[in-house]
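Below is one structure, written out as structure tokens; the observations come after it.
Where a number appears in this text, it was derived from the coordinates with a stated rule and is not lab data. Since we're looking at a predicted model, the values are computed, not measured.
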Amino acid sequence: MTWPLSGETARNLVLGRLRKIGCVGDEHAAGCVADVLATNAAAHAAPLDCDGTPLRLVILPDSQLLIEVDDGTPDFAGFDKDMEGAPVGRGLGWVSHYRGRMTHYPLLDEQGKTVGKTVQVLLPVTRGDAA
């Protein structure tokens, strides 16, 4: 799905979708992480050549929630440093606070050319697994 996406919009969309499908889990964690990913994409990356920021939610068979956001900047400078030193309660620190695992990979167009990146976070779905 693609929306003109702010962090708050991402949070509200994720909360609404998870509630609509009856997802059992920490909706607050998922909303917070979606907010952080969308906010960081808007603040630190180039926009994609589309009408918004693509955001995907996938509930995996192994009881995890995958949240993905695409942006138009191929690299993620300082990824390891950002994840290692991210303070809880700020930005990417929320990912580790909620026991999420964040990765990124190149986003390719139809011809195989790199046009950006996808940043994804895997979160536990059941409330008992989240911090």
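Listed values, structure above:
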| item | result |
| --- | --- |
| For Leu107, distant residues with modelled amide H under 5 Å away | Val115, Gly116, Lys117, Thr118 |
| Karplus-derived 3J(HN,Hα), 6.51/-1.76/1.60, for each residue of region 114-120, Hz, glycine and proline x | 6, 10, x, 9, 10, 9, 10 |
